[in-house]
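Each value in this text was obtained by applying a stated rule to the coordinates, not by laboratory testing. Because the structure is a prediction, the values reported are computed rather than measured. Here Cβ is always computed from backbone atoms with ideal geometry, including for glycine, and neighbour counts include all displayed protein chains.
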């Protein structure tokens, strides 16, 4: 949206207050570099603990599947950024897709019943 506003030379309101597109792109990349190792360690630790607690059945949980998918999207984002040099529009579309996957993984917490604690 900001790119369209720049081309039409109408930078008013909220869009005029955003940082430059290059700054946003660099911020997304640095956040990805910082968050990816933490997500990897969290998935490994969570998998080990869930395997001990629930057995192999925890892989059928939607939030586990979507978390692994999210990790895969992060790998694709890192790969395309580092090897293919994706920047700008392509990287923004991939980031928007990653955000949609992250939202679906978050929403899966309300749908999933595999790890819910029931009061009996």
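Fewest Cβ neighbours within 10 Å first, please rank 70, 49 accordingly.
49, 70
Please list the radius of gyration and Dmax for the range 20-111, considering alpha-carbon atoms only, with Å as the unit.
14.9, 48
Rounded to the nearest 0.05, what FRET efficiency do residue 54 and residue 34 have when you use their Cβ-Cβ distance and R0 = 25 Å?
Step by step, r from the Cβ atoms, then E = 0.25.
Mind sorting 81, 30 by how few other Cβ atoms lie within 10 Å of their own Cβ, fewest first?
So the ranking, lowest neighbour count to highest, is 30, 81.
What order do you get for 74, 110 when you list them from fewest to most C-beta neighbours inside 10 Å?
Fewest-to-most Cβ neighbours within 10 Å comes out as 110, 74.
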